[in-house]
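Chemist: Dumping the structure here so I can ask a few things about it.
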């Protein structure tokens, strides 16, 4: 991917972002994901239209993310981080530079939420990682408009409730204690079919 920014300048920008995030976490204030996305995109000299093509996301949807009208789901964040060639941590506003991460019961940090889902990062702060771990709460009882697909692999285990996962043309029903492992390149989508929110542990290998 070509950018209009010298690598030294870009690394300085990333270093500044990391330092800012660490200070921000200490103060308890959080910058919006849309602001971080716009900052990284502009630093790389990418028009919104170009990032849309690179990530496979709709240009209008990206504009809504940057203007903070909508919050992207996990798969959109992964696609954007891959297109921008940055770690998901830079988009999710987390401290970085550690070799491990411990999350105590009841201490999960809420990453983002909207009416139909909420997910909490369980891998915050580990540098140079290749996996992302999340606790996901699903409230939606309908299939999303578009299936997700990207490089990597995923492992899901249902903690509470009941979900359906569509993999290509197949649909599997998973209940508490059930798990599934699949290649993320297969078009996939999730929905909750319980009478209350379903909770799943998701581990995503982003490649």
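The values are calculated or read from the model by the stated rules, or taken from the named source; none is laboratory data. Please read these numbers as outputs of a predicted model, since none were measured by experiment. Cβ coordinates were reconstructed from backbone atoms using ideal geometry, including for glycine residues, and neighbour counts include every protein chain displayed.
Chemist: For the stretch 188-199, give me each residue that is in a loop (DSSP other than H, G, I, E, B) and in contact with a strand residue (DSSP E or B) (Cβ under 7 Å, 6 or more places away or on another chain).
Modeler: Within the stretch 188-199, 193, 194, 197 meet the criteria.
Chemist: Can residue 202 be described as in contact (Cβ under 8 Å) with a residue 60 or more places away in the chain and either under 12 Å from residue 141 (Cα atoms) or within 17 Å of the chain's Cα centre (by Cα) (or both)?
Modeler: Here the answer is yes, as residue 202 does meet what is asked.
Chemist: Which of the residues belonging to the stretch 161-187 are closer than 22 Å to residue 122 by Cβ and not in a strand (DSSP E or B)?
Modeler: Matches in the stretch 161-187: 161, 176, 177, 178, 184.
Chemist: Identify, please: which residue in the stretch 168-185 is surrounded by 15 or more Cβ atoms within 10 Å (Cβ to Cβ) and under 19 Å from residue 76 (Cβ atoms) and is, among those, nearest to the chain's Cα centre (by Cα)?
Modeler: Ranking the qualifying residues of the stretch 168-185, first place goes to 184.
Chemist: Regarding residue 138, is this residue at pLDDT 85 or above and surrounded by 13 or more Cβ atoms within 10 Å (Cβ to Cβ)?
Modeler: Yes: the conditions hold for residue 138.
Chemist: Within the stretch 148-160, does at least one residue satisfy the condition of being crowded, with 19+ Cβ neighbours inside 10 Å, in contact with a strand residue (DSSP E or B) (Cβ under 7 Å, 6 or more places away or on another chain), at pLDDT 85 or above and not in a strand (DSSP E or B)?
Modeler: No, because not a single residue in the stretch 148-160 is crowded, with 19+ Cβ neighbours inside 10 Å, in contact with a strand residue (DSSP E or B) (Cβ under 7 Å, 6 or more places away or on another chain), at pLDDT 85 or above and not in a strand (DSSP E or B).
Chemist: Condition first: closer than 10 Å to residue 201 by Cα and in a strand (DSSP E or B). Now tell me which residues in the stretch 122-147 satisfy that. Spell out how you get there, then give the answer.
Modeler: Start the filter on the stretch 122-147 by keeping residues that are closer than 10 Å to residue 201 by Cα, which leaves 122, 133-137.
Those that are closer than 10 Å to residue 201 by Cα and in a strand (DSSP E or B): 133, 134, 135, 136, 137.
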